[in-house]
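Here's the structure, in structure tokens; my notes come after.
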Amino acid sequence: MRIRVGSLEALQTEGRLTTKAGGHGVCVFWHEGRAYALDDRCPHMGFPLHRGSLEAGLVTCHWHHARFDLATGGTLDPFADDARAFPVEVEGDDVYLVVGAPDNRVDHHRRRLAEGLEGGLTLVSAKAVLGLLEAGVPVAEIVQVGVEFGTANRAQGWGSGLTVLVAMANLLPWLDPSDHALALVHGLAFVARDTAGRPPRFPLSPLGDVAVAPVSADRLTDWYRRFVETRSGDAAERVLVTALSASADAATVSQMMTAAATDHVFIDVGHTLDFTNKAFEAVEHLGWGAAEAVLPTLTEQTAGASRSEEGSRWRHPHDLAALVRSTEERLPALLAEGRARLGEFHDVSGLGWRLLEDDPYAVVASICDAITAGATPEQLGRALALAGALRITRFHVQNDFGDWDAVHHGFTYANALHQCLVRHPSDELVRGVVHGALRVYLDRFLNVPAARLPASVDASLGDLQACWDGQGGVDQAGAIAYGWLKAGGDPRRLVAALGHALLSEDAGFHWFQIVEAAVRQHAAWPAGSEEAALILVGAARFLAAHTPTRRELPHVVRTAARLRRGDDLFEES
Ligand code: FES
């Protein structure tokens, strides 16, 4: 299509003319004896380019001074974006704009997303995510860009950034569709921050040609655990890569990695098991083909993790490390006894409450009794996660503010363990239930006094906003969430509201973990159950304790959305 812009004489006299093409403003410039045309909206934040400066074949936007090549629209400042250029034809004294179909924008958005991650440019990433979602690109493909970038650009391997990204991918089906882009941008921004200024990762190769002399899976598992034990991260990685390249199945690899992650007690304050679980969830989103690139990124973290039994809290006044050891020695016999009655245990909630007892020996006895009574690994993990959640639901605000993080660690570890036990249960992994229960035991003083369990209040979900906007609304947020559920409110709407509250803030790493874990755990209980309600109450209380923030990232995503809609961001009074 050709659009007449004006006369050549006018263009030469004015230096620039504007016109409309498909609802967009386009500016035709006269520079150095020829005509050029660019979309008139600066791709950064929409300032009219016809008001920019022309010099040496470049147009400079006057708002943040991004520079663009007049001929191609390409930017010299990656924080902006390439402007769309149009061909111009001059016939006699008439100047025409030639408007064709826009280029393939999906490739462009993919490239811009990678550049946004590399430069830590949240606005660029946000525009790319919005463009990809609008083009119908599946969420898994957007997550894949982030996972590939995060695994390649962090020598230490898997970290908090990728954990947040996968948590957001998990949460997406629970969120209002209008929050999907925001959730992904939060995760991607975390990946960008987590890799910024860090050396890249150089993956190791397998141990020779596995087809010639394959090492058995049992031997590889034994080696992997041995090398993690001796903190030989590189050796552990080569073993894992060898197993993966030899087509070890997911259950074998999971057993290898989760056994190593539970050979010591509550390693790296629970983060190692959480990261391991999230890496497996990433592979579930991307397909098992991604395992070879993703899972070996865990080895360095696992081998280097702190081991809780070395800390004094686990030694005095009770020698919890010794209690763990003696219990682990008994576990094979207990599990064998329980297998004969598997499925006969039904008191998961009661077990969860018993794990809150003041006596560590009683806590461990409850687990052992449940095992011999036929509790499944899933039930054990779910009971532990309930106990961890109740620590948050009953966390008293008179505690030190930093202690929210203490109860957070017990709960998110328990959720990760539960997911692992559901995915690939193993006897070794059941040791993690003992570790987690004793960690929940150690946090008992954060429930002294215990915050009262919420009473139903007659309130709507809209009333939660006041809890996010001001400080001190912790118990109120819990009461509103509880009241909503007890009045028969749709739990999905409460979950979406909690998700929206999370995404509306400059949320920290632990917030994402808490909300996602609470959503997963509430869904593990029957709809309408007291347990599901109390778990979500804990998440609401945690959020209310930490809000409000400056809300900078959500503002950036809103700006990106307005730019895509064509709103004017630049206005003069
Ligand atoms: S550089 Fe043009 S709007 Fe920012």
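Spin-label model, H24/D469: points 7 Å from Cα along the beta carbon direction are separated by 3.8 nm. Note on H435, H546, H318: ascending count of other Cβ atoms within 10 Å places them as H318, H546, H435, the fewest first. Within the chain, all pairs of alpha-carbon atoms sorted by distance into 10 Å bins from zero give the percentages 3, 16, 23, 22, 15, 10, 6, 3, 1, 0. For segment 1-135, pairs of C-alpha atoms spaced more than 23 angstrom apart make up 34 percent of the total. Here the Karplus curve 6.51 cos²θ - 1.76 cosθ + 1.60, taken at θ = phi - 60°, turns the phi angles of segment 502-515 into couplings of 4, 6, 7, 10, 7, 5, x, 3, 5, 5, 4, 5, 4, 5 Hz, with x standing for Gly and Pro.
Across segment 311-447 the C-alpha pair distances fall into 10 Å bins from zero in the proportions 13, 45, 33, 8, 1 percent. By the helix-only formula, in which each DSSP H run with n ≥ 4 contributes -39500 (n - 2.57) and the sum is divided by residues, the chain has a 222 nm mean residue ellipticity of -17500 deg cm²/dmol.
Based on other C-beta atoms within 10 Å, arrange M1, M256, M45 from fewest to most. List each step's numbers first, then the result.
Values: M1 10, M256 27, M45 18.
If I rank by nearby Cβ atoms, fewest first, I get M1, M45, M256.
Once both labels are positioned 7 Å from their Cα atoms along Cα-to-Cβ, the gap between E329 and E292 label points is 4.4 nm.
May I ask for the distance between the Cα centers of segment 57-134 and segment 273-322, given as a whole number of Å? Comparing the Cα centres of segment 57-134 and segment 273-322, I get a distance of 43 Å.
Could you tell me which trypsin sites (Lys or Arg not before Pro) in segment 527-557 are loop residues by DSSP with no more than 11 other beta carbons within 10 angstrom of their beta carbon? Don't jump to the answer; show the numbers that get you there.
Details: sites: R541, R550, R551; in loops: R550, R551.
Loop-located and lightly packed - R550.
From the mean inverse distance of alpha carbon pairs (Kirkwood) and the Cα radius of gyration, derive Rg over Rh for segment 64-169. Intermediate results must be reported in sequence, preceding the final value.
Working: Rg = 17.8 Å, Rh = 16.0 Å.
Expressed as Rg/Rh, it is 1.11.
By the beta carbon rule, with partners counted only under 4.7 Å, the chain holds these lone Cys residues: C27, C368, C420, C467. Across segment 528-540, computed HN-Hα scalar couplings (Karplus, 6.51 cos²θ - 1.76 cosθ + 1.60, θ = phi - 60°) run x, 6, 4, 4, 4, 5, 5, 5, 5, 4, x, 5, 5 Hz from first to last residue, x flagging Gly and Pro.
Please label the shape of segment 308-358 as rounded, prolate or oblate, based on the square roots a ≥ b ≥ c of the eigenvalues of the alpha-carbon gyration tensor (a/c under 1.5 means rounded; beyond that, a/b larger than b/c means prolate, else oblate). Don't jump to the answer; show the numbers that get you there.
Working: a/c = 4.08, a/b = 1.58, b/c = 2.58.
Cα axes put segment 308-358 in the oblate bin.
Among T412, T549, T242, the ranking by other beta carbons within 10 Å of each residue's beta carbon, starting with the fewest, stands as T549, T242, T412. One Cα centroid belongs to segment 152-172, the other to segment 412-438; the line between them spans 21 Å.
Mean separation of Cα pairs under 8 Å and 6 or more residues apart, divided by the residue count, gives the chain a relative contact order of 12 percent.
Could you work out the longest stretch of the chain that avoids the GluC sites (Glu not before Pro) located in DSSP loops with at most 12 other Cβ atoms within 10 Å? Write down the numbers at each step before the final one.
Values: sites that count: E32, E344, E571, E572.
My reading of the result: 33-343 is the longest stretch.
Using a Förster distance of 41 Å, how high is the FRET efficiency between A101 and A140, based on the Cβ-Cβ distance and rounded to 0.05?
Details: r = 28 Å, r/R0 = 0.67.
Plugging the Cβ-Cβ distance into 1/(1 + (r/R0)^6) gives 0.90.
Its Cα centre serving as origin, the chain has a Cβ charge dipole (Lys and Arg +1, Asp and Glu -1) of approximately 440 debye. Using 0.36 nm per residue and subtracting the Cα-Cα separation, the extra length available between E284 and V397 on full extension is 36.9 nm. For segment 133-268, dividing the convex hull volume of the Cα atoms by the residue count gives 144 Å³ per residue. Over the C-alpha atoms of segment 461-554, the Rg to Rh ratio, Rh being the Kirkwood estimate, stands at 0.94. Between 0 and 90 degrees, rounded to the nearest ten: what's the tilt of helix 180-195 against the longest Cα principal axis of the chain? Approximately 80 degrees, to the nearest ten. Summarising the label geometry, the points placed 7 Å from Cα in the beta-carbon direction at F202 and C368 lie 5.1 nm from one another.
If R0 is taken as 30 Å, the Cβ-Cβ distance between D93 and L569 corresponds to a FRET efficiency of 0.25. Listed by chain and number, the aspartates and glutamates placed with their C-alpha closer than 17 angstrom to that of K486 are D458, D463, D475, E530, E531; residues fewer than eight positions away on the same chain are left out. Under 19 Å from a label point set 7 Å out along the Cα-to-Cβ vector of E530, the amide N atoms of segment 352-383 belong to 352-358, 382-383. Computed as a quarter of the hull surface, the mean projected area of the alpha carbon convex hull for segment 492-542 stands at 3.1 nm².
Values quoted throughout were computed directly from the atomic coordinates according to the rules given, and no laboratory measurement underlies them. Since the structure is predicted, the reported quantities are computational estimates derived from the model, not experimental observations. Cβ sites come from the backbone with ideal geometry, for glycine too, and all protein chains shown count toward neighbours.
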